[in-house]
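K.L.:
Here you go, one structure.
Only the coordinates and a few stated rules stand behind these numbers; no lab work does. Worth saying up front: this structure is predicted, and the values here are computed from it rather than measured. We place every Cβ from the backbone using ideal geometry, glycine too, and count neighbours over all the protein chains shown.
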Amino acid sequence: MWLIKEEYWGVPWYREVVHFRLRLEEQYQKGIGIEQGELIWPSYDGKDVVTHYYTHDLSSKPWTQTRFWDANRRFVKSCKEVVRVSY
């Protein structure tokens, strides 16, 4: 299971990774350090599509998920810690 560390009013909490969980596990199992990905889906009004650009870095601790504003990945929107939990 993969979790993303969030923070709300300075209090950390974790939520389950939904969209990239299989890719993250495959990246981890294959020992791939850094991998880029995109999420594409219809916009709220259904007239357009929304694309989010990500980079997952498992090359050093803490592991991170960085979300970018643009396809060139020049402007960071957020960077969050990613945690793998085995049970």
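K.L.:
Which three numbers, in whole Å and largest first, are the semi-axes of the equivalent ellipsoid of segment 33-80 derived from its Cα gyration tensor as √(5λ)?
P.N.:
In descending order the semi-axes read 24, 10, 9 Å.
K.L.:
Return the Rg/Rh ratio of the chain with Cα-based radii and a Kirkwood Rh.
P.N.:
0.99
K.L.:
State which stretch of the chain is the longest one without any exposed trypsin sites (Lys or Arg not before Pro), exposure meaning a DSSP loop state and at most 13 other Cβ atoms within 10 Å.
P.N.:
With trypsin sites (Lys or Arg not before Pro) excluded where exposed in loops, the chain gives 1-46 as its longest stretch.
K.L.:
Report, in degrees rounded to the nearest 10, the 0 to 90 angle that the Cα long axis of helix 21-30 makes with the longest principal axis of the chain.
P.N.:
Long axis of 21-30 versus the principal axis of the chain: about 50 degrees.
K.L.:
In addition: What are the aspartates and glutamates whose alpha-carbon lies under 12 Å from the alpha-carbon of LYS80, with same-chain residues fewer than 8 places away excluded?
P.N.:
In chain and number order, the partners are GLU6, GLU7, ASP57.
K.L.:
For the pair ARG15 and ASP48, what calculated FRET efficiency results from E = 1/(1 + (r/R0)^6), where r is the Cβ-Cβ distance and R0 = 30 Å, to the nearest 0.05? The partial results should precede the final answer.
P.N.:
Working: r = 27 Å, r/R0 = 0.88.
Approximately 0.70, to the nearest 0.05.
K.L.:
As a test of the formula, what do you get for the chain when each DSSP H run with n ≥ 4 contributes -39,500 (n - 2.57) and the sum is divided by the residue count, at 222 nm and rounded to the nearest 500 deg cm²/dmol? Each step should come with its number before you reach the end.
P.N.:
Numbers: 1 runs with 10 residues, N = 87.
Computed mean residue ellipticity for the chain: -3500 deg cm²/dmol.
K.L.:
Also: For segment 11-57, how big is Rg over Rh, using alpha carbon atoms and the Kirkwood form of Rh? Walk me through the numbers before you get to the answer.
P.N.:
On the way: Rg = 13.7 Å, Rh = 12.6 Å.
On the Cα set of segment 11-57, Rg over Rh gives 1.08.
K.L.:
Under a straight-distance cross-link criterion of Cα-Cα below 12 Å, which aspartates and glutamates are reachable from LYS5, leaving out those fewer than 8 residues away in the same chain?
P.N.:
Output for LYS5: GLU16, GLU81.
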